[in-house]
1. In region 48-86, which residues are in contact with a His (Cβ under 8 Å, 6 or more places away or on another chain) and under 19 Å from I103 (Cα atoms)?
2. Conditions first: (1) open to solvent by 30 Å² or more (accessible area, probe 1.4 Å); (2) assigned to a helix (DSSP H, G or I); (3) at pLDDT below 95; (4) not aliphatic (A, V, I, L, M). G104 passes all but one, so which condition is the exception?
3. Looking for something among the hydroxyl-bearing types (S, T, Y), at pLDDT 95 or above and under 10 Å from the mean Cα position of the chain (by Cα) - is there at least one such residue anywhere in region 225-234?
4. Residue pairs, Cβ under 6 Å, 6 or more apart or interchain, first in region 375-393 and farther than 20 Å from L322 by Cβ and at pLDDT 90 or above, second surrounded by fewer than 19 Cβ atoms within 10 Å (Cβ to Cβ) and of a type in the set (K, R). List them.
5. Being touching a strand residue (DSSP E or B) at 6+ places or on another chain (Cβ under 8 Å) and open to solvent by 50 Å² or more (accessible area, probe 1.4 Å) is the filter here, so list the residues in region 260-298 that pass it.
6. Does region 227-254 hold any residues that are touching a strand residue (DSSP E or B) at 6+ places or on another chain (Cβ under 7 Å) and under 16 Å from A70 (Cα atoms), and which are they?
7. If only one of A336, A378, A357, A340 is over 18 Å from L38 (Cβ atoms), in contact with a helix residue (DSSP H, G or I) (Cβ under 8 Å, 6 or more places away or on another chain) and open to solvent by less than 10 Å² (accessible area, probe 1.4 Å), which one is it?
Amino acid sequence: MHDTSANDSASDLTASDSANDSASGLTVNAPASDAPPLAGFTVGVTAARRADELGTLLKRRGATVLHAPALRIVQLADDSELLNATIELIDHAPDVVVATTAIGFRGWVEAADGWGYGEALIQCLRGVELLARGPKVKGAVRAAGLTEDWSPLSESMAEVLDRLLGEGVAGRRVALQLHGEPLPGFVEALRAGGAEVVLVPVYRWLPPEDLTPVDRLLDATVGRGVDALTFTSAPAAASLLARAEERGMTAELLAALRHDVLVACVGPVTALPLQSLGVDTVQPERFRLGPLVQVLCKELPSRARVLPIGGHRVEIRGHAVLVDDELCAVPPAGMALLGALARRPGWVVARAELLRALPGAGRDEHAVESAMARLRTALGEPKLIQTVVKRGYRLAIDPATGSKYAQ
């Protein structure tokens with residue numbers, strides 16, 4: 001299965017209408033906010049291709065997007081490997097050609113035409129068994145003036161492989177149009193069955209020339225400045241992990257991804273490099289950008305802390321807070337304080353402990369008072385946080401909840 005092949009569509013998305021604070025045992029069964037489902041969350045996008053489309057889908061649902069392409073695509077016109085593979089197939093036609101992606105197949109034909117081999121390639125493909133993985137690939141095949149011999153209803157490369165092996169591939173020459181990444185087990189199974197496999201490497205990927213955005217994304221992830229990372233290809237995941245290793249921050253990155261930052265992959269192939277390192281991922285049932293965003297719209301709000309404070313429903317998101325239906329932007333220092341208070345809802349948290357939670361605050365406890373004043377202003381409800389003289393601060397958890405933490 002090839003995760004990056006999809007021509008994705010968006011759908012109307014909804015968030016969960018309740019949340020559970022497992023740490024405190026407080027459950028709030030309140031209607032979902034009218035705020036967009038991803039408002040207050042920061043999502044990292046590692047895609048190179050179709051990053052604008054994914055970013056637009058996320059922003060429409062309220063997310064702040066941090067884009068850092070983990071790869072760059074080798075331009076087809078400059079790709080000598082694709083040119084050589086094309087000439088080889090024209091000179092020595094295969095028995096079967098497997099077209100895996102619509103954009104990849106179109107790009108291949110267009111590149112061949114630019115090199116002066118377009119008509120020769122089309123003539124070659126007319127004389128072979130042509131398999132198209134899914135309806136979008138069929139459309140690209142027919143747009144080139146060709147007709148596919150077969151296409152699976154499931155859009156699954158596993159079904160394509162079953163058909164080929166069922167027909168028998170011993171002694172047959174099979175050309176496989178790739179799209180930036182290998183297909184685990186597919187090529188090996190064909191070769192084990194006796195086939196000669198020719199790889200057509202459409203859209204090869206290399207590390208980005210400018211690593212600055214990637215380094216910023218890594219720093220933000222390790223610092224918990226993003227709430228989720230999205231991946232649409234296995235090479236992008238592998239590239240990000242490789243850059244973390246180069247910078248000596250693999251352990252820090254994996255700790256963040258395993259415990260605090262949601263990792264969303266467009267499909268199981270994309271998730272492999274991460275899962276092999278013990279990183280759990282979430283994936284949509286359909287390997288498309290729209291469903292990927294839908295998964296985020298469900299998962300991120302469900303992870304937010306929701307507490308009944310001072311007669312209000314307070315939902316603590318990545319870099320903002322929902323007070324009832326109003327989204328309140330909160331400075332990073334304020335979010336750090338609120339997070340420390342929410343970890344012990346109803347308990348008094350000492351200034352010294354809150355000072356340690358402040359990023360770069362030093363030793364002056366007046367920094368806590370200043371940050372607390374700004375936090376109360378940002379929330380618009382000063383009484384949500386109570387000052388306990390000579391002791392510290394606490395959240396004004398509603399007594400009606402019967403929380404054992406209230407004091």
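1. Within region 48-86, just A51 meets the criteria.
2. Of the numbered conditions (1) open to solvent by 30 Å² or more (accessible area, probe 1.4 Å); (2) assigned to a helix (DSSP H, G or I); (3) at pLDDT below 95; (4) not aliphatic (A, V, I, L, M), the odd one out for G104 is (1).
3. Taking every residue of region 225-234 in turn, at least one turns out to be among the hydroxyl-bearing types (S, T, Y), at pLDDT 95 or above and under 10 Å from the mean Cα position of the chain (by Cα).
4. That search, which allows pairs on different chains as well, returns G392/R351.
5. D280, Q283
6. Answer for region 227-254, where residues must be touching a strand residue (DSSP E or B) at 6+ places or on another chain (Cβ under 7 Å) and under 16 Å from A70 (Cα atoms): A228, L229, T230, F231, P235, A237.
7. A340
Here is a yes/no grid of residues against (1) at pLDDT below 95; (2) within 32 Å of the chain's Cα centre (by Cα); (3) not small (G, A, S):
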{"site": "G127", "(1), (2), (3)": "yes, no, no"}
{"site": "V137", "(1), (2), (3)": "yes, yes, yes"}
{"site": "A143", "(1), (2), (3)": "no, yes, no"}
{"site": "S154", "(1), (2), (3)": "yes, yes, no"}
{"site": "E159", "(1), (2), (3)": "yes, yes, yes"}
{"site": "L164", "(1), (2), (3)": "no, no, yes"}
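The values are calculated or read from the model by the stated rules, or taken from the named source; none is laboratory data. All values reported here derive from a predicted model rather than from experimental measurement. Neighbour counts run over all protein chains shown; Cβ positions are idealised from the backbone, glycine included. Just the protein is used for accessible areas: all its heavy atoms, side chains included, with ligands, DNA and RNA removed. Shrake-Rupley method; radii C 1.70, N 1.55, O 1.52, S 1.80 Å.
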